[in-house]
Ligand SMILES: O=P(O)(O)OC[C@H]1O[C@H](O[C@H]2O[C@H](CO)[C@@H](O)[C@H](O)[C@H]2O)[C@H](O)[C@@H](O)[C@@H]1O
Ligand SMILES: [Mg+2]
């Protein structure tokens, strides 16, 4: 092998390499030892870069390995906390399966290989779903995402339709004042879901189970829908971090998902150093 090739880092080496400390805006010292932590991670806009449509997201090289190693170092106390369904999360990270709170708290799985805890969210009423789904006809480019218990109307490809979508949803809600539903505004998405759960209710429940129980959680999220989790972190002696903006009540923030990915890899490097004799 010539010298140049021998010195070229392999993909995994690149992913694992410690970045210069200046590129990590959140100091590692804020995070306790991984054996005492629960690592809670939002997906879109936090771990993964946002894409024009939900199906286009991809897991960059090295991230899967970082997540697997964090799962191991935390004794299984790493979970995705996402608006996506568990099924969707598994498709994105296949073949890996992680513990997760899915569908904004509608679904929960304590271990990657365990079944979802049943009975979290009832399926959305069919007639209501039919009426909400018809809103997608307002403009080409509006994408429907049916999670069973909720329905998301994506308008990233039709930004001009935002106002019309929210108005149409309001009219339907005004027709059904007693329907136990709420509207969740996300990034270029309007999601209509059952009112009985949030990411925060999901996290509270997850944290009652081993191996999460009694650990200090840290949660990283990017969106308005993550604010409910930011708000409960102090109750568990935990920490919250936002992405893209400094949200209220967070201990620090990252500029972009790539900074989050570097930070997570950096945690593993520090941990290894910490266990050196
Ligand atoms: O809670 P998260 O893990 O951040 O999930 C939030 C929503 O993410 C997905 O939609 C968003 O990401 C898409 C891909 O980048 C983007 O095209 C879309 O505009 C975003 O809203 C997902 O489709 C939703 O189900 C999640 O609720
Ligand atoms: Mg997000």
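Taken together, the values in this text are just the output of simple stated rules run on the coordinates, not laboratory data. This one's a predicted model, so the numbers in the text were calculated from it and none came from an experiment. FYI the Cβ positions are ideal-geometry reconstructions off the backbone, even for glycines, and counts take in every protein chain you see.
Mind checking the alpha-carbon convex hull of the stretch 126-194 and giving the volume per residue in Å³?
That works out to 73 Å³ per residue.
Using only the Cα atoms of the stretch 67-215, what do you get for the radius of gyration and for Dmax, in Å?
16.8, 51
Along the Cα→Cβ direction, 7 angstrom out, place labels at residue 163 and residue 179. What is the inter-label distance in nm?
Calculated label separation equals 2.4 nm.
Out of the DSSP beta bridges found with both residues in the stretch 43-170, what percent are antiparallel (nearest 5)?
Around 70 percent of the beta bridges assigned by DSSP in the stretch 43-170 are antiparallel ones.
Based on the Cβ-Cβ distance of residue 216 and residue 58, what FRET efficiency does E = 1/(1 + (r/R0)^6) give at R0 = 41 Å, to the nearest 0.05?
0.85
Which Rg and Dmax, in Å, describe the Cα atoms of the chain?
Just the Cα atoms of the chain yield Rg and Dmax of 19.8, 73 Å.
Go through 109-116, 258-265 and give me the packing order, highest mean Cβ count within 10 Å leading.
So the order, starting with the most tightly packed, is 258-265, 109-116.
Starting from the Kirkwood radius over alpha-carbon pairs of the stretch 66-128, derive D by Stokes-Einstein at 4 °C in a medium of 1.567 mPa s and give it in µm² s⁻¹.
D, rounded to a whole number, is 105 µm²/s.
Add -39500 (n - 2.57) for each DSSP H run of 4 or more in the chain, then divide by its residues: what number comes out at 222 nm, to the nearest 500 deg cm²/dmol?
-8500 deg cm²/dmol
Taking the chain as the reference, fit the longest principal axis to its C-alpha atoms, fit the long axis of helix 162-175 to the helix C-alpha atoms, and give the angle between the two in degrees, 0 to 90, nearest 10.
Helix 162-175 and the main axis of the chain meet at about 50 degrees.
If I fit a long axis through the Cα atoms of helix 257-274 and take the longest principal axis of the Cα atoms of the chain, what angle between them do I get, 0 to 90°, rounded to 10?
Helix 257-274 sits roughly 40 degrees off the main axis of the chain.
Any chance you could run the full-extension gain for residue 35 through residue 231? It's 0.36 nm times the residue separation minus the Cα-Cα distance, nm to one decimal.
Value of the extension gain: 68.2 nm.
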